[in-house]
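Participant: Sending over a structure as structure tokens; questions will come in a sec.
The values are calculated or read from the model by the stated rules, or taken from the named source; none is laboratory data. In this text, all values refer to a predicted model and were calculated from it rather than measured experimentally. Cβ coordinates were reconstructed from backbone atoms using ideal geometry, including for glycine residues, and neighbour counts include every protein chain displayed. These area figures cover heavy atoms from the full protein model, side chains too; ligands, DNA and RNA do not enter into them. Shrake-Rupley method; radii C 1.70, N 1.55, O 1.52, S 1.80 Å.
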Amino acid sequence: MSELHAVTVRDGLAFPLNRVAWADGRPQDTESAGYAKKLLDQVAWWAGTLRTAREAVPYPA
């Protein structure tokens with residue numbers, strides 16, 4: 001990841017096929033929505049923060 005100049009987020013979201021029941025393309029695990037929100041909130045934070053930083057100081061290529 002460092003060679004791509006990428007950062008990671010701490011939280012992730014996985015759906016192990018042997019433990020999660022699915023119906024109509026959605027996981028039936030009641031906690032999945034909360035995990036997805038937490039992950040997407042972190043990605044959105046990074047996107048906004050990096051946009052602001054790139055405007056202030058362009059990334060050195």
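Participant: Roughly how many percent of the accessible protein surface of the chain is carbon and sulfur, given a 1.4 Å probe and a whole-percent answer? Don't jump to the answer; show the numbers that get you there.
Facilitator: Values: 3270 of 5570 Å².
Taking all protein chains in place, the chain shows 59 percent carbon and sulfur surface.
Participant: Exactly which GluC sites (Glu not before Pro) in the chain are in a DSSP loop and have at most 10 other Cβ atoms within 10 Å? Please report the intermediate quantities before stating the final value.
Facilitator: On the way: sites: GLU3, GLU31, GLU55; in loops: GLU31.
Within the chain, the qualifying GluC sites (Glu not before Pro) (loop, at most 10 other Cβ atoms within 10 Å) are GLU31.
Participant: Over the chain, calculate the relative contact order: mean separation of alpha carbon pairs under 8 Å at least 6 apart, over the residue count, as a percent.
Facilitator: Numbers: 22 pairs, mean separation 18.6, N = 61.
It rounds to 30 percent for the chain.
Participant: For volume of the Cα convex hull per residue in Å³, one of (i) 80; (ii) 157; (iii) 119 was computed from the structure I shared and the rest are decoys. Which label?
Facilitator: (iii)
Participant: Report, in debye and to the nearest 20, how large the dipole of the chain comes out about its Cα centre when Lys and Arg carry +1 and Asp and Glu carry -1 on their Cβ. List each step's numbers first, then the result.
Facilitator: Values: 7 positive and 7 negative charges, 13 e Å.
Dipole about the Cα centre, nearest 20: 60 debye.
Participant: Okay, moving on. Give me the accessible area per residue for the chain, probe 1.4 Å, as a whole number in Å². Don't jump to the answer; show the numbers that get you there.
Facilitator: On the way: 5570 Å² over 61 residues.
Normalised by residue count, the accessible surface of the chain is 91 Å².
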